[in-house]
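Have a look at the structure below, then the notes.
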Amino acid sequence: MDGSQVSNPTPAQQLAQALMLEQVAFIKQQLLNTHHNQYLKNFIQHLYSQADQIQLKDVILLEQLQQVVQKYAFDLNLGPELLEFIGVVAQKVHQYAVNSTVSIHDLCSDQVFEDWIYKIFELEQVRHYLKDNLQHNPKAQLVSLQLANQILESNTPWLDHLRKLSLKQHGIGAKLVSFVQDQQQNIELKLEQQLAQALLKQLGQIITLSNAELTEISLELWSDIKNKTLAEVSSQIQALDLEDFFVLVYETWRTLRQIPFMQSLIQSVVEAFYDYFGAYSLQSLLLAVGIEENDLYEETDRFVPHVLKALDQRELLDGILTTLIQPFYSALNTEQLIESFLQNRK
């Protein structure tokens, strides 16, 4: 009770104060009974049994769910502390990986790899689309031309001297060298163009090989790399590179989530979820994700007792319970009810 309200509390107010303190003490004792917390177990049991009678659409509106997605998926930004933590995590992950003897095969079995490969190669229309796009895409043609140029230069070092040869004289020899250089450049350009076209053609043919051929190639590559350890793979990557990757993923997501199409897509998934599960009871939703009543007991026992003990040690638990209960005992209706009861007892 607030002592500033009255200097001399009435009998009803005194009784209300005593009842409040007794109730706080009782609830505290029940909550801190960590060996056999029947108080919390009864609460969870009652809540779980009642959840079978409450449908999702009864407690959450679609608009509310969409607002939550809007806030936490589209608008919320990580603070500098969490961004710094990403760097710490990247270093920890890298350190753990470079000292690990786990192989790639330990993380991905042959069966899992084959399942993914078979499913990817079943997307034949996508592969044919990629082939056609490669053949006619200007950027792909430019990249292939640059690659062809590098191949020719790296494999014809004996022509490098002729490429760079420069004669200052104006005699027949100089003209002859200049003519040969011009012809060489024309020939190399044609070779580069033909090689670039051949590269794109070969890549397109590889992409559209039969499922059996692509599977055989993929399984051969898999057999070569699956026994490599994480340490071997991770040693080729610096911790800073891994940190940059994590940050890049986050920054990419920040950009993508502002695109109207992406927001509409996510909200449409939320709407589909609500339409599908709206008539499900809360208990059914828990069961749908594999959470049973015993799981609620276990997780409550795992976290709640420690939290309550910590609050009690810091002398905060009494204040929290009092804040929840005091409004009832401070209410005028409660005081009048107690006064009426005391009067009737006389």
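The values are calculated or read from the model by the stated rules, or taken from the named source; none is laboratory data. A quick note: this is a predicted structure, and the numbers were derived from the prediction, not measured. Reconstructed Cβ throughout: ideal geometry from the backbone, glycine too, with neighbour counts over all protein chains shown. These accessible areas exclude ligands, DNA and RNA; they are computed on the full protein's heavy atoms, side chains included. Shrake-Rupley method; radii C 1.70, N 1.55, O 1.52, S 1.80 Å.
Data table
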{"read-out": "Test for residue 299: is it charged (D, E, K, R), open to solvent by 60 Å² or more (accessible area, probe 1.4 Å), at positive phi and without any contact (Cβ under 8 Å) to a residue 24 or more places away in the chain", "value": "no"}
{"read-out": "Subset of region 202-222 that is in a helix (DSSP H, G or I) and open to solvent by less than 60 Å² (accessible area, probe 1.4 Å) - its residue that is nearest to residue 122 (Cα to Cα)", "value": "211"}
{"read-out": "Cβ pairs under 7 Å, 6+ apart, first in region 50-68 and touching a residue at least 40 places away in the same chain (Cβ under 8 Å), second open to solvent by 60 Å² or more (accessible area, probe 1.4 Å) and assigned to a helix (DSSP H, G or I)", "value": "62/271"}
{"read-out": "Region 224-240 - residue that is among the β-branched types (Val, Ile, Thr) and either over 18 Å from residue 109 (Cα atoms) or open to solvent by less than 50 Å² (accessible area, probe 1.4 Å) (or both) and, of those, modelled with the lowest pLDDT", "value": "237"}
{"read-out": "Any pair with Cβ under 6 angstrom, 6 or more apart, that starts in region 10-37 at a residue that is within 29 Å of residue 296 (Cα to Cα) and ends at one that is modelled with pLDDT of 85 or more and of a type in the set (Ser, Thr, Tyr)", "value": "24/322"}
{"read-out": "Identity of the residue in region 270-279, open to solvent by 80 Å² or more (accessible area, probe 1.4 Å) and not acidic (Asp, Glu), that ends up farthest from the chain's Cα centre (by Cα)", "value": "276"}
{"read-out": "Unique residue being open to solvent by 90 Å² or more (accessible area, probe 1.4 Å) and touching a helix residue (DSSP H, G or I) at 6+ places or on another chain (Cβ under 8 Å) when the list is 258, 267", "value": "258"}
{"read-out": "Selection count, region 320-338, where residues are aliphatic (A, V, I, L, M), open to solvent by less than 60 Å² (accessible area, probe 1.4 Å) and either more than 12 Å from residue 23 (Cβ to Cβ) or without any contact (Cβ under 8 Å) to a residue 24 or more places away in the chain (or both)", "value": "2"}
{"read-out": "Residue list for region 226-246, restricted to those being part of a helix (DSSP H, G or I) and either polar (S, T, N, Q) or under 18 Å from residue 89 (Cβ atoms) (or both)", "value": "230, 234, 239, 240, 241, 242, 243, 244, 245, 246"}
{"read-out": "Residue among 274, 329, 250, 280 that is of a type outside the set (Lys, Arg) and in contact with a strand residue (DSSP E or B) (Cβ under 8 Å, 6 or more places away or on another chain)", "value": "280"}
{"read-out": "Which listed residue, of 308, 282, 317, is surrounded by 15 or more Cβ atoms within 10 Å (Cβ to Cβ) and under 25 Å from residue 65 (Cα atoms)", "value": "282"}
{"read-out": "Per-region count, region 209-230, residues under 28 Å from the mean Cα position of the chain (by Cα) and within 13 Å of residue 117 (Cβ to Cβ)", "value": "2"}
{"read-out": "Which listed residue is at pLDDT 60 or above and farther than 20 Å from residue 204 by Cα, from 150, 135", "value": "150"}
{"read-out": "In region 52-87, residue modelled with the highest pLDDT [restricted to those that are open to solvent by 70 Å² or more (accessible area, probe 1.4 Å) and part of a loop (DSSP other than H, G, I, E, B)]", "value": "61"}
{"read-out": "Given (1) in contact (Cβ under 8 Å) with a residue 24 or more places away in the chain; (2) out of contact with any Asp or Glu (no Cβ under 8 Å at 6 or more places or on another chain), index of the condition residue 82 fails", "value": "(1)"}
